[in-house]
Amino acid sequence: ASLLLVMIVNAQTVTTTDQVFSGPDFGTTVLVPINSSDITSSYGNIIIATIPLDFDINVLTYVGYTNLNAGFPALNISVTPNGSAGELQFNIEDQAFVGFAWPDGKILDIQFTFLGGQTTINLKDVEFLDEFFTSYYPSMVDGSVQGYTTLTGSNGDWDEASTWTG
C-alpha cells in the first residue's frame, strides 16, 4: 500500500513530504510530517502558530503526534481533535510569549491509523502570530493520502469475503 501526502504554502511554507506506506495491512500507524520553511524570515519571531486541518475519518484516525523539532524552545502544544468530523487543530505557542525564531524543517509528525482509501488533507487558515501580535495567513495547497492493497481471489463466490485475501 502507499501513502502520499503533500501540503504546500506559498514562499513561506508549511508542507509535508511524499510518504510511502508499505505496512502488511491497513490499520497500521503511519507518520505524516508537517514541515515549514522561511517562516521567521517572512514574518519575524513567532509567538503562536495555529495549524488546523481536516481529513476523512473513514481513511485516517488521529492517534497523536511525535518527533517535535528540537529547535523549538519551551512550548505549549495543544491539539484539539474532533474525531467525529475528522478535524485537528495544532496550537503551538511560546510559553514565555516573547517570540522565537521558527526553525525550518519538520515541525512534527502526525500519527494516524491508516484505514485504507483516499482522503484530502485540507489545511485551513494556518495562522502565525509574531512578537508584535500581528497575524499572518499564508496561502495553502492541500495534500492527500492515498493507499491501495493487492487482493487475491480464490475459488468461491465473487460476493463472499472469504473468497478474497489481502
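Counting only residues that are under 22 Å from Asn76 (Cα atoms), give me the strands (runs of 3 or more DSSP E) lying completely in the range 89-141 with at least 2 of them.
105-114, 127-130
Give me a count of the residues in the range 23-55 that are modelled with pLDDT under 90, of a type outside the set (A, V, I, L, M, F, W, C) and within 18 Å of the chain's Cα centre (by Cα).
Qualifying residue count for the region: 8.
Out of the range 64-77, which residues are under 15 Å from Ala96 (Cα atoms), open to solvent by less than 50 Å² (accessible area, probe 1.4 Å) and in a loop (DSSP other than H, G, I, E, B)?
Phe72
Given the criteria in contact (Cβ under 8 Å) with a residue 12 or more places away in the chain and over 12 Å from Ile39 (Cα atoms), does Gly99 qualify?
Yes, satisfied.
State which residue pairs qualify: first residue within 24 Å of Gly117 (Cα to Cα) and of a type in the set (Ser, Thr, Tyr) and inside the range 28-51, second residue part of a loop (DSSP other than H, G, I, E, B) and open to solvent by less than 30 Å² (accessible area, probe 1.4 Å) in any location, beta carbons under 8 Å apart, and separation of 6 or more residues or different chains.
From the range 28-51, the pairs are Thr28/Phe21.
Exactly one of these conditions fails for Thr80: (1) open to solvent by 50 Å² or more (accessible area, probe 1.4 Å); (2) at positive phi. Give me its number.
It is condition (2) that Thr80 fails.
The values are calculated or read from the model by the stated rules, or taken from the named source; none is laboratory data. Worth saying up front: this structure is predicted, and the values here are computed from it rather than measured. Methodologically, a virtual Cβ is constructed for each residue, glycine included, from the backbone with ideal geometry; neighbour enumeration extends over all protein chains shown. Keep in mind that these areas ignore ligands, DNA and RNA; they rest on the heavy atoms of the full protein, side chains included. Shrake-Rupley method; radii C 1.70, N 1.55, O 1.52, S 1.80 Å.
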